[in-house]
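The values are calculated or read from the model by the stated rules, or taken from the named source; none is laboratory data. Owing to the predicted nature of the structure, the values given are computational and were not obtained by experimental measurement. Glycine also receives a Cβ, built like all others from the backbone with ideal geometry; neighbour counts cover every protein chain displayed. Heads up: the accessible areas ignore ligands, DNA and RNA and are worked out on the full protein's heavy atoms, side chains in. Shrake-Rupley method; radii C 1.70, N 1.55, O 1.52, S 1.80 Å.
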Amino acid sequence: MAQQSKTWWGQKFIEALESFCDPNRLKRGRSYANSRKIIDFEKNKGEVLARVRGSVNPYFGVYKEPLYKTEVKIAPIPKKDWTKIIQKLSTNASFVSRLLLNEIPENIEDCFEEAGYNFLPHSSQDFQTDCTCPDWSNPCKHIAGVCYRLAEELDHDPFLLFELRGLSREALQKELKKTPLGNALASGLVEDTVEPEPVESYYTVPQSQAVPDSLSLKEFWLGSKRIPEAPPSRGGASVSGIVVKKQGDNPEFWDGDRSFLETMDDIYERVRTKYKNVL
């Protein structure tokens with residue numbers, strides 16, 4: 001089920017959620033994340049606050065669509081432990097350079113484990129969730145929907161997980177630049193600014209040319225030099241068929257006994273031969 005996310009960190013986040021959440025509620029939660037059920041989704045000081053639309057159910061006496069307040073919070077890391085983690089990160093040039101370039105190294109978890117933490121949530125102990133719906137289970141389908149939506153947000157901005165853990169992207173990069181390795185790498189990432197040079201005009205100035213006194217109309221319109229003849233035609237246009245060739249001999253949709261590429265080669269040749277005069 002973790003294929004809901006497109007990145008390795010998003011998949012790890014969903015795997016942690018699926019490890020302790022009821023499968024039926026997860027299934028309904030995924031439908032909430034992909035629809036218009038979540039009308040508000042805000043990230044504020046390390047927590048996610050959302051308003052989720054409920055379902056009308058006359059059997060239980062619910063005749064009007066309810067609106068539930070849902071909260072998802074990841075267990076924060078204390079400031080003193082962040083200092084240890086940043087010190088460990090700053091000893092690896094690959095970690096520092098990628099983090100300064102707004103990228104997440106795949107083995108970043110190693111630095112957190114030495115400090116006794118996980119970069120990504122691993123179990124229910126890493127989540128703090130609450131919802132105003134009457135469902136006794138926690139997480140409910142509304143919380144699951146918000147978590148799936150949060151995983152999508154992490155795909156676009158993995159540094160959101162740092163923020164949920166108690167450290168913003170700006171604060172992280174600022175602390176990394178204070179270290180000797182981070183200072184050296186940051187100076188190399190600064191782009192040199194080139195000042196524009198003033199010129200009289202940004203347009204090409206037309207060059208004047210004197211017209212000879214003796215010039216016939218024929219020379220004016222046709223020119224004094226003879227135009228070379230057009231090169232001979234090389235025949236019909238060839239079709240490379242790159243898109244077709246990418247499918248291979250036996251793509252999933254092909255049921256024929258003969259190779260798909262051979263069949264398409266014959267079709268291309270027939271079309272090219274039949275319409276060679278047009279092409």
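For residues that are open to solvent by 100 Å² or more (accessible area, probe 1.4 Å) and among the hydrophobic types (A, V, I, L, M, F, W, C), tally how many sit in the range 203-213. Give the steps one after another, and end with the answer.
If we filter the range 203-213 for residues that are open to solvent by 100 Å² or more (accessible area, probe 1.4 Å), which is where we start, we get 203-204, 206-209, 211, 213.
Subsequent filtering for residues that are among the hydrophobic types (A, V, I, L, M, F, W, C) retains 211.
Residues flagged as open to solvent by 100 Å² or more (accessible area, probe 1.4 Å) and among the hydrophobic types (A, V, I, L, M, F, W, C) within the range 203-213 amount to 1.
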Inset, instruction - Scan the range 14-33 and report the pairs whose first residue is without any contact (Cβ under 8 Å) to a residue 24 or more places away in the chain and whose second residue is open to solvent by less than 70 Å² (accessible area, probe 1.4 Å) and hydrophobic (A, V, I, L, M, F, W, C), with Cβ atoms within less than 8 Å and a gap of 6+ or a chain change. - result: E15/A2; E18/A2; E18/L26
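Please enumerate the residues belonging to the range 39-64 that are touching a strand residue (DSSP E or B) at 6+ places or on another chain (Cβ under 7 Å) and either loosely packed, with under 10 Cβ neighbours inside 10 Å or within 13 Å of C131 (Cβ to Cβ) (or both). Give the derivation first.
Taking the range 39-64 as the starting set, the residues that turn out to be touching a strand residue (DSSP E or B) at 6+ places or on another chain (Cβ under 7 Å) are 39-42, 46-54, 56.
Across the range 39-64, the qualifying residues are E42, V48, L49, A50, R51, V52, R53, G54.
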Inset, instruction - Would you please list the contacts, defined by Cβ atoms under 6 Å and residues six or more apart or on different chains, that run from a residue in the range 72-95 that is open to solvent by 60 Å² or more (accessible area, probe 1.4 Å) to a residue that is assigned to a loop (DSSP other than H, G, I, E, B)? - result: P76/G46; P76/R165; P76/G166; K84/A115
Legend entry - Residue match in the range 197-206 (condition: without any contact (Cβ under 8 Å) to a residue 60 or more places away in the chain and under 16 Å from K43 (Cβ atoms)): no
Legend entry - Answer from E163, E195 - the residue that is among the charged types (D, E, K, R) and out of contact with any strand residue (DSSP E or B) (no Cβ under 8 Å at 6 or more places or on another chain): E195
Legend entry - Residues being at pLDDT below 80 and either loosely packed, with under 10 Cβ neighbours inside 10 Å or in contact with a strand residue (DSSP E or B) (Cβ under 6 Å, 6 or more places away or on another chain) (or both) - total across the range 178-188: 2
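Just checking: which of the helices (runs of 4 or more DSSP H) contained wholly in the range 150-226 hold 1 or more residues that are among the polar types (S, T, N, Q)?
Values: elements: 159-164, 169-178, 180-189, 217-222.
Qualifying helices (runs of 4 or more DSSP H): 169-178, 180-189.
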Legend entry - Given (1) within 15 Å of N102 (Cα to Cα); (2) touching a residue at least 40 places away in the same chain (Cβ under 8 Å), number of the condition E152 does not satisfy: (1)
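With respect to N102, determine if the residue is open to solvent by less than 80 Å² (accessible area, probe 1.4 Å) and more than 30 Å from N24 (Cα to Cα). Walk me through it before giving the result.
Working: open to solvent by less than 80 Å² (accessible area, probe 1.4 Å): yes; more than 30 Å from N24 (Cα to Cα): yes.
So N102 passes the test.
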Inset, instruction - Could you list, in sequence order, all residues of the range 20-42 that are within 11 Å of R149 (Cβ to Cβ) and touching a helix residue (DSSP H, G or I) at 6+ places or on another chain (Cβ under 7 Å)? - result: G29, R30, Y32, A33, K37, I38, F41
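Listed here are the residues, each with its yes/no results for (1) modelled with pLDDT under 80; (2) surrounded by 10 or more Cβ atoms within 10 Å (Cβ to Cβ); (3) more than 30 Å from E262 (Cβ to Cβ).
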{"position": "E153", "(1), (2), (3)": "no, yes, yes"}
{"position": "R169", "(1), (2), (3)": "no, yes, yes"}
{"position": "L176", "(1), (2), (3)": "no, yes, yes"}
{"position": "S201", "(1), (2), (3)": "yes, no, yes"}
{"position": "G235", "(1), (2), (3)": "yes, no, no"}
Inset, instruction - Restricting attention to the range 113-143, report how many residues are surrounded by 20 or more Cβ atoms within 10 Å (Cβ to Cβ), in contact with a strand residue (DSSP E or B) (Cβ under 7 Å, 6 or more places away or on another chain) and charged (D, E, K, R). - result: 0
Inset, instruction - Kindly indicate whether R36 is more than 24 Å from R165 (Cβ to Cβ), surrounded by 13 or more Cβ atoms within 10 Å (Cβ to Cβ) and without any contact (Cβ under 8 Å) to a residue 40 or more places away in the chain. - result: no
